[in-house]
Structure formats: C-alpha cells, structure tokens
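Visitor: Supplied in structure tokens, the structure appears directly below.
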Amino acid sequence: MDTIFALASARGKSGVAVIRISGPCAHATASAMAGSLPPLRQTGLRMLRDGSGERLDSALVVAFAKGASFTGEDVAELMVHGSLATVTAIERCLAQDHGLRMAQPGEFTRRALDNGMMDLTQVEALSDLLEAETESQRRQALRVLDGAIGKVVAGWRAHLVKAAALVETSIDFVEEDVGNFDAEILAELRAVADGLTAEIAGQRARERVQTGFEVALVGPVNAGKSSLLNALAGREAAITSDIAGTTRDVLEVRMDVGGYAVTFLDTAGLRDTAEQVEAIGIARGRARAEQADLRIILQPADYIGTVSPSDPQDIVVRSKSDLGPASDDGISVVTGAGLDWLMAEVTNRLSQMTARDGVTVRARHQTAMKDGLAAISNAIDKIGSGSYIEELVAADIRIAITALDSLIGVVDVEDVLGDIFSSFCIGK
C-alpha cells in the first residue's frame, strides 16, 4: 500500500495549511522530517527539514495510530505556515526525498471506506457536508455522517436475519415437529416493511434539503410576482412593468430562507391570451408551478376574483396591500409590509415538509429501499397464502438483505464510487 500525502486545507495563501500523510510510512516520514514525533494524538512544535537537513518550516505535528485515524491507517498531519512557497517545498520533500505519492481526489476517504472507518452513506454525507450551503444541509449531512443510516439499516437487517433463521430452521428440520414459525416470521418481516415504508415516504423532502426546494410565485398578470421576486432577491432579477405579459419565461432566483436552500420561480401571469409566445410562457409557468414544492399565490388587493390553491400547503397572499385595505395576509413590496411574515410562513411550510422522521437522503438510498421492500412484500404474500415453498421465501429475504447491504456499501457499490469520489478535493 502506497503512503500518500496531500494538502488537506484549501490551496492558496492562508495563515495555516494542513498537510496530511497516510499509509505505512507516514510516521517514519514525519519523524524523519521533524526529528521526532510527539505522543499519539498530541500536537508538538517541530522544525521540519528536508533530506539535506535544510530547514523548511516550523510546524505543529500530530500523529494518529492505525485503526484510530480518519483513514484507518497510520496518519501524520503537518500544520505549517500557509504560504505557497512553504507548502510547495514540503510537498517536494515528501515526494522527492521520501518517495511518497500525491493523493488522488477522495483517496483518503476511499481508504477510510476500505478500512471500515466509514460506510458508503457516511462517505456520501461527507461529500454533502463539504458542499453544504445552508444550515439545514449542514445539519442533515452531519446527522448521516454520524452513522444514522447505518444504525437504522443494522436494525432492519437484524429483523431479516432472524426471519431468515426461522425459515432455514423450517427447511432444515422439515421432517421433525419443530412447530410453525409463520407468525414470528411475518412479525419480523412486517417490522422491516413498516420501517421502509415510512422512510421512503419522507425521503423526497429530505432529498430536497440537499438539492433545494422550489417555490413558485403564481397569480394573474400584474399581481406583483416579478416585483416580489426582486424584493426577495434584493436586486433587479426580473423586469417589471405595468404592461401585462411582461414575464414570458420562468425566472429563477436561489436563496437561503430560514436555513433552507430555496429557488423562487417567477412564472408568467395567468390569463387567456391569443399571443403565441405569451401562451407558451403561461403553459411553462403552470407546469413548473405544479411541480414546485410550494406555491405562493398572489392576488392583488384590487383584483376581482380568486385563485384557488392547488395544495393545502400553498400560501395565498394579498399583494399590493398598499393600494387596498389592510389585511393579515397582505404584502407590499413598496412599503415592505408583510414580507417578513411571508418568509416566516415559507420557512414554516418547509419545516413541516421535513418534519417526518427519517435519515436517508439520496435517490440511490430510495432505490435500494424500494428493492428491499419489494422482496419483503413478496415474502409476506407467499407466507400469507397459507401454502408456500420455504426456499422461495428464504430467497426473497436474502434479496432484501442484499438490497440493504448495498445501501450502506457492503456489496455492489463499485459503480457509484467513481461518481462520489470525483466530487472530492485532493485532500479528502
């Protein structure tokens, strides 16, 4: 196994740079450069020198033992002054004087996975944490990084293993009167099926935490949708005009709202029109609004008629409230009235969507869970029929266990590793 090194902090001028070394020669290399190593997991101030004895930099050095480090290997970290020249000199020394290899993107994390320090869901969570832009993304990624998915899967797997053992007992002792285990087997399988069903039901909102929610601004022409978008964005993101039909296509602005990543969609005003381009814009706007996670329906204070919400979660507001009587649901981009209330209401609705307990966050997770649930449902149906072949039920349970193992990366993960690690920086 090669000993590898890389800059673990951001490249560029900085106060401190961290260079990580991992592999069988990590401690020996760090000791040769520093003269000696401090006790494991303790920092020590050392003068780093190259192979000829020339001073490189004064550094804080820390070493971690195999099995008790990020990668699971012997690891040493050098915390040096963050000038480009200093980092380059130390990297040159590691490569030329000690024969170490520069790490590839994600290689430290790949070694952590291979050495059992992390499961695949934790690797994905680390990637999500590095990319987190909002507080909700940070919290969700950190929860998964702590092993939440692995703990849930371990519980499901224990139920399936017990069910499999009962089925195997029926097969092995078919000629002996060992009793009927159908009720116990069904209880174990249903416990997993219920858990998978609940987890799958709440995943879309958790996945949206990572990718971002979409909130569509909907309403008749000249309802103030573009003006509201500009007010929320704090800039002229959309052209505003008193001329009906100004907005022809869907405009998007991404923001952090209450810790959630939200893309606001400014859609074309709803009306009947014979103008072809405007009609296309209205159709596109309707389609995007229907697919959005939440809709803010604007009705001007002087508007005659109503626009009914398509979902109970949708928010109906009276726009241009400065032109009409005061109301609890009124907003005005001219005076700013009601805008804080509206953003608080959006945050509240998104919080309700994500309130369902659960830990899985990626489409890959959902695919694995659906495969496992399908296999468990097949086993339950076979047992429920009253007359079944035990070997076929055992096969269904094995399929379910394999699906859950693939979720946490025990089996069948090579096809997803390349995609995951390609997003990592060199130092991870």
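Visitor: Post the alpha-carbon centroid distance, the stretch 120-165 to the stretch 1-49, in whole angstrom.
Guide: Distance between centres, Cα-based: 30 Å.
Visitor: How much accessible surface does V75 have with a 1.4 Å probe, in Å² rounded to 10?
Guide: Roll a 1.4 Å probe over it and V75 shows about 0 Å².
Visitor: Can I ask one more? No solvent, one uniform scatterer per C-alpha: report log10 I(q)/I(0) for the stretch 346-393 via the Debye equation at q = 0.23, 0.25 1/Å, two decimals.
Guide: -0.84, -0.89
Visitor: Measure off, as a whole percent, the carbon and sulfur share of the 1.4 Å-probe accessible area of the stretch 44-202, all protein chains present.
Guide: Carbon-and-sulfur percentage of accessible area, whole number: 51.
Visitor: Of all trypsin sites (Lys or Arg not before Pro) in the stretch 9-38, which ones are in loop regions per DSSP and have a Cβ with at most 16 other Cβ atoms within 10 Å?
Guide: R11, K13
Visitor: Please compute the net charge surrounding A374, taking Lys and Arg as +1 and Asp and Glu as -1 over other residues with Cβ under 11 Å from its Cβ.
Guide: -2
Visitor: When only DSSP loop residues count, what GluC sites (Glu not before Pro) in the stretch 119-155 have their Cβ near at most 12 other Cβ atoms within 10 Å?
Guide: The qualifying sites are E133.
Visitor: Net charge around D396, counting only other residues with Cβ within less than 12 Å of its Cβ (Lys, Arg = +1; Asp, Glu = -1)?
Guide: -2
Visitor: Moving on. Using the Karplus curve 6.51 cos²θ - 1.76 cosθ + 1.60 with θ = phi - 60°, what ³J(HN,Hα) values do you get for each residue of the stretch 56-70, in whole Hz, with x for Gly and Pro?
Guide: For the stretch 56-70, the Karplus-derived couplings read 9, 5, 8, 9, 8, 10, 9, 10, 10, 7, 4, x, 9, 10, 4 Hz, x marking Gly and Pro.
Visitor: Would you work out if the stretch 8-80 is rounded, prolate or oblate? Take a ≥ b ≥ c from the square roots of the eigenvalues of the alpha-carbon gyration tensor; rounded if a/c is under 1.5, else prolate when a/b is larger than b/c, oblate otherwise.
Guide: Oblate.
Visitor: Same structure, new question: Excluding V62 itself, what net charge comes from residues whose Cβ is under 13 Å from its Cβ, given Lys and Arg +1 and Asp and Glu -1?
Guide: Around V62, the charge tally is +1.
Visitor: Could you work out how far the C-alpha centroid of the stretch 62-99 sits from that of the stretch 340-383, in angstrom?
Guide: The stretch 62-99 and the stretch 340-383 have Cα centres separated by 42 Å.
The values are calculated or read from the model by the stated rules, or taken from the named source; none is laboratory data. Owing to the predicted nature of the structure, the values given are computational and were not obtained by experimental measurement. As a convention, Cβ positions derive from the backbone with ideal geometry for all residues, glycine included, and neighbour counts pool all protein chains shown. To get the accessible areas, we keep the full protein, side chains included, count just its heavy atoms, and leave off ligands, DNA and RNA. Shrake-Rupley method; radii C 1.70, N 1.55, O 1.52, S 1.80 Å.
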